[in-house]
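Bear in mind these aren't lab numbers, they're just calculated from the coordinates by the rules spelled out. Just so we're clear, the structure is a prediction, and the values are computed from it rather than from any experiment. Virtual Cβ from ideal backbone geometry, glycine too; neighbours counted across all protein chains shown.
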Amino acid sequence: MDFLAGEVLYFNKPLKWTSFDLVNKFRYKLSRKLGVKKIKVGHAGTLDPLATGVMILCTGKATKRIDEFQYQTKEYVATLKLGETTPSFDLEKEVDAVYPTEHITRELVEETLKHFIGKIEQVPPVFSACKIEGKRAYELARKGEEVPLKAKTLVIDEIELLECALPVVKIRVVCSKGTYIRALARDIGEALHSGAHLIALERTRIGDITLDCCLNPEEIDDFLNEKIEKTNTI
């Protein structure tokens, strides 16, 4: 493999790692293995620290393909807890409100999910990387400042209810670029006349790339040893 000319790699991002943690870890190990001070490494599609799953990394000139991968369809498996909300719509922040769930049934959940299939308008979370006048929304939100975010149009291709152990539900979502699954959880909670937040999220696919194609970070050293030594012997 020619990492300087450009390669595309697939990783399973661990829980509590930022997307940049994964990029930095790989870049550091790659530059040391190649014996170079600098090499371009970028990722196609951010995952929150509390999310796991498929991340595409590009090196060298392949970083020009990042937009191509970002626009591909993505699939997630999300676990929601109904009846509670948090300011971040996930477990990053503490529960700030509690809502009734006694009226919610599996049938109601299945019927409600149907309304989110197709083209929808979604307001991104205030704790997100959206930019407002050059600043990240989460930077303003963490300072307690007002974060005015506009709704964006996106497409949900599929939503499937995988498990329903109320007040916890697990769903599979196939969606377009720019979809915030945390915001989808918020909107599903509201549509159920309750509340909801994410308690787990895994990206299972980007385009045709699934988890079984992905490397784990602890495999980086062996992977680089194999690929670089093989290149040197050709």
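Overview of values
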{"read-out": "On Cα atoms only, tilt of 220-233 relative to the major axis of the chain in degrees", "value": "30 degrees"}
{"read-out": "Sequence-distant residues sharing a close amide H with VAL123 (under 5 Å, placed H)", "value": "LYS152"}
{"read-out": "Among 39-46, 106-113, the order from most to least packed when residues are scored by Cβ within 10 Å on average", "value": "39-46, 106-113"}
{"read-out": "For the range 72-79, Karplus couplings with θ = phi - 60° (6.51, -1.76, 1.60), whole Hz, Gly/Pro x", "value": "7, 4, 10, 10, 10, 10, 10, 10"}
{"read-out": "The range 1-66 versus the range 155-234: alpha-carbon centroid distance in Å", "value": "17 Å"}
{"read-out": "Long-range amide H partners of TRP17 with built H, under 5 Å", "value": "none"}
{"read-out": "Hz values of 3J(HN,Hα) by residue in the range 152-165 - Karplus curve (6.51, -1.76, 1.60), Gly and Pro given as x", "value": "10, 8, 9, 10, 9, 7, 8, 9, 10, 7, 8, 9, 9, 10"}
{"read-out": "Using alpha-carbon coordinates, inclination of helix 19-34 to the longest axis of the chain, degrees", "value": "10 degrees"}
{"read-out": "Three principal axis lengths of the chain [C-alpha, angstrom, descending]", "value": "66, 37, 29"}
{"read-out": "Length released on extending from ASP67 to GLU218, taking residue separation times 0.36 nm less the Cα-Cα span", "value": "51.6 nm"}
{"read-out": "Phi to ³J(HN,Hα) by Karplus 6.51 cos²θ - 1.76 cosθ + 1.60 over the range 191-196, Hz, x for Gly, Pro", "value": "5, 8, 6, 8, x, 6"}
{"read-out": "Point-to-point label distance, ALA151-ILE117, nm (Cα→Cβ direction, 7 Å offset)", "value": "2.1 nm"}
